[in-house]
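Structure record follows, encoded as structure tokens.
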Amino acid sequence: MHKFALALLFTAAPFFAAADELPKAETILDRFVEVVGGKAAFEKHHNEVMHGNLEFTGRGLKGTMTVYQAEPDQIRVTIDIEGVGKFDSGTSGDVAWENSAMQGPRIKQGIEKSDALRDATFNSAIQWRKLYTKAETTGVETVQDHECYKVVLTPPQGNPTTHFYDKKSGLLIKTATTRATQMGDISAEVFADDYRKEGDILSAHKISNKFAGQEFQITVQSVEFNVDMPKDRFDMPDDIKALQKKPAVASQSAPAAATSSSSAGPSNGGKLTLYMTGKPIATETYTVQKSHGKIEVNGSANAAIGPIKIDIEQFKIDTDEKFQPLDAVAKGKLGQVQMNVTTTFADGKARNQMDSGQGPQSKEDAVSPNALVVSANFPLYPWSLLAMRAEMKNQDPQQMPIYILGQAEVPGTVVFKGRETVEFAGKTAELNHLTVTGTPPDGQPLSLDFWVDDNRKVIKIAVPSRGVEAYQDGFDRKAPPPEAPKPASKP
């Protein structure tokens, strides 16, 4: 995750503001070099050390980061996130690697490797002609109140990267691309702000990263050039050297996909396997019980998203028979960081007792009596209450307030789309299709699709904007057809 975001930062290229005509990409890129200091200023630098802080938005997670870089193409990134652990990545010769206390060492391969090696190029802003086979200006777009030129850069391997440059100042405002990761291809955006001079070079000191529904911010504290670095700064760690001596094996970091079973679990519960961009990342096991005028949804879950492990010990919601929430409990860990929330609902209020390892805190939110209580991202099984509540008579929109536990209530709209034939691995099923849309507290509109059987059991979930799918045990994900081979290039 950390290197992925930094990769976008270090491949940042240039800009130029012209009149009404779209300037050529090469004019934009070369002009950017002049705007931020000039080619001669870059060429005076032979290495660089950057220190910064990072914070995950809305997560309470903070850390420190140090980036070492030297010509021609060496890089080392170290990150320490409080309560989660340390992450280390870099390049050594033709090897791109990363190591973390949570998932151990690994060597990058394929497109992920070529991306990392390109990112390691020192002074990349003045070397774009060597790094990309094609550069073109494709239009004008407004980004955060900046009218920007769009420049698309295509590398020899991997996906194109789009840069947005302010027409007036010439500064890079945004970078957007799709990167190869352990979890598959992931789209990301990086926003650059707070440009200041470090030596003779103007550089961004605030970098906001958005990817896979997550957001974190890097705040640059200092940048030094031409420092006296130890000769072994970019050497591979011993764990990486040991990997080079072993035969390549398939990664075991992600949970295995659910296998077909003649038993899909009891009708009052289930097991979901979650995928992100086609890769299994999580499992959830839960029960749904009705007794004594109450409904209880209770379960646990675990996920491995890149180097981050998430363990949900318990996520439980109790409602009355009319689906009005009574209380909720969430206990889990993000890495080593505890995330505990206990909530009671009464008199139009959600009274939260929250503890992330730094002592209990109280938080009170206004909540509708009939609000649907869910988690911000994970687990997904609490949405079973939506399947139980939604009307499936016609396609009229149904308004349903949604309370994101410990955060806030947002308005939601549910629509019954009708019955559909859904394909799974080795079989099909006739299911009822529901959609729910809303805007979470982070301000990013979200849409979820649910396919439920006639007993209101969730069989499949899709969150298209985040590349996430979930499948009930016994209904395995159907693999997409293989891509057609690309025609051979003509000599």
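Quick look at the values:
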| item | result |
| --- | --- |
| Residue list for the range 64-91, restricted to those being at pLDDT below 90 and either crowded, with 17+ Cβ neighbours inside 10 Å or more than 25 Å from Met229 (Cα to Cα) (or both) | Ile81, Glu82, Gly83, Val84, Gly85, Phe87 |
| Filtered residue count, the range 454-482, keeping only those that are in contact with a strand residue (DSSP E or B) (Cβ under 6 Å, 6 or more places away or on another chain) and either of a type in the set (A, V, I, L, M) or under 17 Å from Trp383 (Cα atoms) (or both) | 12 |
| Residue in the range 376-392 that is closer than 19 Å to Asp318 by Cβ, of a type in the set (D, E, K, R) and surrounded by 14 or more Cβ atoms within 10 Å (Cβ to Cβ) present | yes |
| Of the criteria (1) over 28 Å from the mean Cα position of the chain (by Cα); (2) buried (at least 17 other Cβ atoms within 10 Å of the Cβ), which one Gln399 fails | (2) |
| Residue identified as assigned by TED's automatic domain parsing to the domain that holds Ala282, without any contact (Cβ under 8 Å) to a residue 60 or more places away in the chain and among the hydrophobic types (A, V, I, L, M, F, W, C) among Leu446, Leu405, Leu385 | Leu446 |
| Close pairs (6 angstrom Cβ cut-off, 6 or more residues apart or separate chains): in contact (Cβ under 8 Å) with a residue 12 or more places away in the chain and on the phi > 0 side of the Ramachandran plot in the range 455-479, surrounded by fewer than 21 Cβ atoms within 10 Å (Cβ to Cβ) and in a loop (DSSP other than H, G, I, E, B) anywhere | Gly467/Thr277; Gly474/Ser261; Gly474/Ala264 |
| Residue list for the range 154-176, restricted to those being of a type in the set (Ser, Thr, Tyr), out of contact with any Cys (no Cβ under 7 Å at 6 or more places or on another chain) and surrounded by 22 or more Cβ atoms within 10 Å (Cβ to Cβ) | Thr161, Thr175 |
| Only one of Val329, Val337, Val374, Val367 that is in contact with a helix residue (DSSP H, G or I) (Cβ under 6 Å, 6 or more places away or on another chain) and at negative phi | Val374 |
| Check on Arg419, under 18 Å from Asp318 (Cβ atoms) and either surrounded by 13 or more Cβ atoms within 10 Å (Cβ to Cβ) or not assigned by TED's automatic domain parsing to the domain that holds Lys62 (or both) | no |
| The range 297-316: number of residues that are under 17 Å from Gly406 (Cβ atoms) and in contact with a helix residue (DSSP H, G or I) (Cβ under 6 Å, 6 or more places away or on another chain) | 1 |
| Strands (runs of 3 or more DSSP E) contained entirely in the range 99-208, each with at least 2 residues that are in contact with a strand residue (DSSP E or B) (Cβ under 6 Å, 6 or more places away or on another chain), at pLDDT 90 or above and among the charged types (D, E, K, R) | 134-143, 184-198 |
| Number of positions in the range 436-452 that are in contact with a helix residue (DSSP H, G or I) (Cβ under 9 Å, 6 or more places away or on another chain) and modelled with pLDDT of 90 or more | 6 |
| Tally, over the range 405-416, of residues that are surrounded by fewer than 18 Cβ atoms within 10 Å (Cβ to Cβ) and either more than 17 Å from Pro325 (Cβ to Cβ) or among the charged types (D, E, K, R) (or both) | 2 |
| All positions within the range 1-31 that are farther than 24 Å from Ser114 by Cβ, more than 29 Å from the chain's Cα centre (by Cα) and either modelled with pLDDT of 90 or more or crowded, with 16+ Cβ neighbours inside 10 Å (or both) | Phe16, Ala17, Leu22, Pro23, Lys24, Thr27, Ile28, Asp30, Arg31 |
| Residue within the range 215-234 that is in contact (Cβ under 8 Å) with a residue 60 or more places away in the chain, small (Gly, Ala, Ser) and crowded, with 18+ Cβ neighbours inside 10 Å present | no |
| Search result, residues across the range 46-63 that are under 19 Å from Asp200 (Cα atoms) and surrounded by fewer than 19 Cβ atoms within 10 Å (Cβ to Cβ) | His46, Asn47, Val49, His51 |
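The values are calculated or read from the model by the stated rules, or taken from the named source; none is laboratory data. Because the structure is predicted, anything quoted here is derived from the model rather than measured. FYI the Cβ positions are ideal-geometry reconstructions off the backbone, even for glycines, and counts take in every protein chain you see.
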